[in-house]
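The values are calculated or read from the model by the stated rules, or taken from the named source; none is laboratory data. Keep in mind that what you see is a predicted model, and the values were worked out from it rather than measured. When we count neighbours, we look across all protein chains shown, and the Cβ atoms used for this are built from the backbone with ideal geometry, even at glycine. With ligands, DNA and RNA removed, areas are computed over all heavy atoms of the protein, side chains included. Shrake-Rupley method; radii C 1.70, N 1.55, O 1.52, S 1.80 Å.
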Amino acid sequence: MIPSSDTSGPRADLVLPCLDEAAALPAVLASVPPGWRAIVVDNGSTDGSAELARSLGATVVHEPQRGFGAACHAGLLASEAEFVCFCDCDGSLDPGLLTGFVRRVADGESDLLLGRRRPEGPGAWPLHARAGNAALARMLRRRTGLRLHDLGPMRAARRTDLLELGLTDRRSGYPLQMVVRAADAGLRVTETDVPYLARTGKSKVTGTWRGTWHAVRDMRAVLAEPPVRAGALR
């Protein structure tokens with residue numbers, strides 16, 4: 001089921017980790033639901049992404065520690081709304097769909113709702129990236145029992161729930177650690193289909209076999225961690 005992109009329902013803060021995404025930013029920020037705060041976390045861009053995002057009305061947070069997890073967590077810490085969403089800043093996903101995500105969390109259907117990427121068009125999801133994602137989903141199922149198909153970057157949850165997970169990974173393992181610790185804490189983790197388009201610009205992670213391997217390595221380390229009591233590392 002494709003979630004609705006209407007503008008009714010609860011509002012949220014939207015975290016957009018960003019590294020040299022100036023080409024995609026205008027369209028991404030134009031798709032943020034009205035009334036939501038876009039938090040663009042600049043992770044060392046050299047293409048003017050931070051200045052552009054600020055000029056387009058986004059809240060800009062600078063995170064000097066390099067890493068996808070570092071950027072995501074800085075955005076989480078900067079958020080203030082009851083609900084927090086995450087989305088890639090490369091134009092591959094439509095932030096407008098997150099209104100449906102938040103409504104389902106607010107209605108009690110899920111505590112952490114993930115977007116299961118459904119590729120549309122050539123180049124939307126390279127084969128090596130799909131293979132790595134599928135392998136991680138199988139390992140996640142063995143570790144937590146969750147029958148998820150994708151560990152995609154589009155997601156929504158309550159801010160307090162995420163902060164209580166004590167997330168520590170600051171690299172590519174951050175999205176997976178969020179899911180693993182949510183499951184360990186007894187939160188309801190579910191997924192819903194979302195269209196996935198070819199990104200604008202070159203990928204920093206899954207665009208190459210090397211980048212995919214590093215991401216898989218980071219995530220395997222997360223899966224090897226022992227369960228952590230929710231809130232213990234907050």
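Among the residues of region 109-149, those identified as within 11 Å of Y196 (Cβ to Cβ) and of a type in the set (K, R) are R116, R117, R118, R130. Filtered by the rule that a residue be open to solvent by less than 20 Å² (accessible area, probe 1.4 Å) and either hydrophobic (A, V, I, L, M, F, W, C) or in a loop (DSSP other than H, G, I, E, B) (or both), region 119-141 gives A124, A129, L136, A137, L140.
Checking each residue in region 142-190 for being more than 17 Å from G108 (Cβ to Cβ), outside any loop (DSSP other than H, G, I, E, B) and open to solvent by 10 Å² or more (accessible area, probe 1.4 Å) picks out R142, R143, T144, L163, P175, R181, A183, D184.
Listed by first and then second residue, the pairs with beta-carbon distance under 6 Å, at least 6 apart or on different chains, first residue in region 169-192 and touching a residue at least 60 places away in the same chain (Cβ under 8 Å), second of a type in the set (D, E, K, R), are R171/D218; S172/D218; G173/D218; Q177/D169; L187/D111; R188/D111; E191/R116.
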